[in-house]
Each structure stands twice: as structure tokens, then as C-alpha cells.
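K.L.:
Pasting in a structure now, in C-alpha cells, and then I'll have a few things to ask.
Just so you know, all these numbers are worked out from the coordinates, no wet-lab data involved. Please read these numbers as outputs of a predicted model, since none were measured by experiment. Positions of Cβ are generated from backbone atoms using ideal geometry, with glycine treated the same way; all protein chains shown enter the neighbour counts.
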Amino acid sequence: MIRKSLLAFFTLSLLLGCSSSDEGDSGSQNDGFDRQVMLSNWADNIIIPAYQDLNADLMDLSAQKEAFVNSPNQANLETLRASWLSAYKTWQYLEMFTSGKAEETNYVFQMNVYPTNVDDIEANIASGNYDLSNPNNNDAVGFPALDYLLFGLAETDAQILNAYTSNTKAEANKTYLSDVVNQMQSLTATVLNDWTGTYRDAFVNSTGNTATSATNKMTNDFIFYYEKGLRANKIGIPAGVFSAAPLSSKVEAFYNEEISKTLALEGLNAVQDFFNGKAYNSNATSGSFKAYLEYLNTINNGEDVSALINSQFNAARTKIESLDNNFVQQVETDNTQMTEAFDALQKVVVLLKIDMVQAMSIRLDYADSDGD
């Protein structure tokens, strides 16, 4: 009798184990919400248009880079810097998306790992022999590397121009600058072509509720970016929230010294727009996390969770807007305001990681190492 009971137990366990597998996209979604409408809005009105915009920005950046390399002067330097900033602002609307070719190519790590590693950059320039796609060079490429190459090679613009003209490493500096821009453009074109090719339909048709389904993966990517890419990297780490003291050298766009707040605000705008299903560069809205939560009538202490999330996004924006344009200056003169901005961002984390994902029956699959 005991043997029969054990056999029945193990048989049931095996059946349950098979039925709960996260492989494929066969998981059922029983709440009735039309995920495909949301996925279509994400793909067609937000993700693909943003990639197209960034691709155009990087084509312009490449053209301005060629003009500067061929004639390194103040006017061309300023134009190149402006093109870099335009592309960097557009990038803030894409960093949260890491599926498809972006995942395969480690795209995000190739585009915006900061602080950049000056020693690695200078070693690459000196040797002239480097593989920019190697993970060891993730902190020597992308927007942060250009931040150094356009603003940090020397103290003054005249000295920076000298680094590209009369300096003994002038040709090597120009080659490295060119290679970094070319790689960024090539990677972006690869990711965009994937989305406009077969990946878009695969993404939109992945309507199940498993760990590998499009909605589940996007939810994880979205929350991970908000918590780590925006809250921690842009604000918390420089403010010293996770260390014994502030780390002002770890701000985004460290060498530019003027746009760290701009990039943080763009990142927050991107997050809130995506949450609300707002089309890229348009006020039109469609399927979204907000719509999903409203459909589920998710309530927290008598208040609508989607409204709470938007309210806290706005509160965080107010805190960030009060900061100095240069986060290095802000950290070193009044770091309390930085930590207050972090605290405001943090309040959204609980709403996203608990209220939102539980309502949608989605499991977070990344490890949280900072106690949130």
C-alpha cells in the first residue's frame, strides 16, 4: 500500500513538473486581457520607431564623425558633439529593450556601460589591435567612450583638437573614434533589421504566460531597467546609496559635465511613456501595462495601482528636475538632493515588483542584490 502511494505521488509530481514547464510559449493566460494588442503597440508604435530614430541619429553621427576626422576643427567638433548628444538622448528610449538580436549581440553592454574605462581605451589606441565586440571592451565603447573621446581627452577644446591633429597619436585617436561610431551604427542596424524582419511577428504572436513569453520577458526587462539602469546607475550609485561614500565619477556623461540630468529625465520619460503605452514621438496611446492593470482593476489600499505608479513617476521627475545639470556638481555640493531623488524613484519599485507583476501573474526572473 505504501509503495502504491509513493508511486502515485511520484507520478503526480512528474505530471505537475511537466505541466509547469516554462519552455516554449504554451502557457495559458486566463485573465482575458488581449496581450497581442499590447505587444503590437509596443513593437509597431514604440520599439521599432525608436530604433529607426536611433539608426538615423547614428547615421548622422557617422557623417559628422567623417567630417571631423577629415578636418578636425572647432566647428566640426561642436557639430559632432551635438550629433552625439542627439543620439544619446534617443538611446534612453531603447536601453530597456534587450530581446531578439539585442540580447544575442549584448547590444546594451556595447552601447552604454559607464563609467567608461579610460585605461582600456588608451591601451586600445596605443596598440591599434583590438576587438571592440569583445566583452572585455564593453567599458571602452559606446556612448560613454565617445563622451571621453569628445570631451575628456584633454582639459580644453584646443588641446582636444590637438589630440586629433598634431599629437603623435592623432591618427590612432581618429581611427579609434571612427571604429567606435561605426560599431554602434552597425549593431543598431542589425537590431533594427531583426525587428523589421521576422522578429516582430514572433514577438507579437508570443501571447502566452511563460518565462519565455514576450510579455513576461518584456516585463522583466522593463522593471530591471527601471531598478538598475535608471534608479541605481543614474542616481543611486553616484549618490553612494550602495557604497560607503558618494561616487561622483560614476555619473552618466561624466566628461561632458552638463547633461547627466538631461539623460536621467529622458530615461524616466521613456519608462513612463512605455508604461502608459504612449507611442514614440506621439501622444497616441494603446495597449500597455497601464491598460492591463486597469483591466484587472488592480487596487492598492483603495487606490488604482496604475494611477499610483504614474503619480510616483511624476514625483520622481520633480525631484530630478531640481538637481544640477551636472550630477558631479550635485553629488559634491548637496548629495542629499540626489538621495531624495533616489528615494522617490525607489517608491515605484515596490509598486512594479509586487503589485503590478502579481496582478499580471508574472514572475520576476532576475536576482535582486541590493535589498529592494
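K.L.:
Quick one: net charge around ASN301, please, counting Lys, Arg +1 and Asp, Glu -1 for every other residue with C-beta under 14 Å from its C-beta.
P.N.:
-2
K.L.:
Give, in nm to one decimal, the length gained when the segment between ASN129 and ASN314 is fully stretched (0.36 nm per residue of separation minus the Cα-Cα distance).
P.N.:
Result: 61.9 nm gained on full extension.
K.L.:
Using all C-alpha to C-alpha distances in the stretch 183-251, build P(r) with 5 Å bins and read off the rounded percent in each one.
P.N.:
For the stretch 183-251, the binned pair fractions read 3, 15, 13, 13, 16, 15, 11, 9, 5, 1 percent.
K.L.:
Using only the Cα atoms, what convex hull volume per residue in Å³ does the stretch 208-372 have?
P.N.:
Values: hull volume 20.3 nm³, N = 165.
Dividing the Cα hull volume of the stretch 208-372 by its residues yields 123 Å³.
K.L.:
When a/c is below 1.5 the answer is rounded, else prolate if a/b is larger than b/c, else oblate, so apply that to the stretch 30-206 with a ≥ b ≥ c taken from the square roots of the Cα gyration tensor eigenvalues.
P.N.:
Prolate, since a/c reaches 1.5 and a/b exceeds b/c.
K.L.:
Now, a different point. I'd like to know which of LEU247, THR215, MET338 lies farthest towards the positive end of the charge dipole of the chain, counting +1 on Cβ of Lys and Arg and -1 on Cβ of Asp and Glu.
P.N.:
Going by the Cα projections, it comes out as THR215.
K.L.:
Still on this structure, I have one more. Using +1 at the Cβ of each Lys and Arg and -1 at the Cβ of each Asp and Glu in the stretch 30-206, identify which of ALA75, ASN124, MET111 lies farthest towards the dipole's positive end.
P.N.:
It is ALA75.
K.L.:
If you build the Cα gyration tensor of the stretch 119-273 and take the root of 5 times each eigenvalue, what three semi-axes come out, in whole angstrom, biggest first?
P.N.:
Computed over the stretch 119-273, the values are 34, 23, 13 Å.
K.L.:
Moving on. Please check which bits of the stretch 162-189 a label hung off ALA63 would reach, taking the label as a point 7 Å along Cα-to-C-beta and the cut-off as backbone N under 20 Å.
P.N.:
Within reach of a label on ALA63: 178-189.
K.L.:
In the neighborhood of ASN41, defined by Cβ-to-Cβ distances under 13 Å, what is the net charge if each Lys or Arg adds +1 and each Asp or Glu adds -1?
P.N.:
+1
K.L.:
While we're looking at this one, here's another question. How long is the gain from THR190 to ASP304 if the chain were fully straight, where each residue apart is worth 0.36 nm and the alpha carbon distance is subtracted?
P.N.:
37.0 nm
K.L.:
When the expected Rg is taken as 2.2 N^0.38 Å, what fraction or multiple of it is the alpha-carbon Rg of the chain?
P.N.:
In units of the 2.2 N^0.38 Å rule of thumb, it is 1.10.
K.L.:
Full extension from ASP343 to ALA154: what is 0.36 nm times the residue separation minus their Cα-Cα distance, to one decimal in nm?
P.N.:
Working: separation 189, 0.36 × 189 = 68.04 nm, distance 3.57 nm.
Fully extending the segment from ASP343 to ALA154 adds 64.5 nm.
K.L.:
Follow-up question, since we're still on this one. By its C-alpha gyration tensor, with a ≥ b ≥ c as the square roots of the eigenvalues, how is the stretch 74-120 shaped: rounded for a/c under 1.5, else prolate for a/b larger than b/c, else oblate?
P.N.:
It is oblate, given that a/c is not under 1.5 and a/b is not larger than b/c.
K.L.:
Under 16 Å from a label point 7 Å along Cα→Cβ of GLU171: give me every residue in the stretch 120-135 with its amide N that close.
P.N.:
From the stretch 120-135, the list is 125-129.
K.L.:
When the dipole is taken about the Cα centre of the chain, and only Lys, Arg (+1) and Asp, Glu (-1) are charged at their Cβ, what size is it in debye, to the nearest 20?
P.N.:
Charge dipole, the chain, about its Cα centre: 820 debye, nearest 20.
K.L.:
Please report the projected area of the stretch 301-364's Cα convex hull averaged over all directions, in nm².
P.N.:
5.2
K.L.:
Which value, in debye to the nearest 20, describes the size of the charge dipole of the stretch 30-206 about its Cα centre when Lys and Arg Cβ atoms bear +1, Asp and Glu Cβ atoms bear -1, and nothing else is charged?
P.N.:
240
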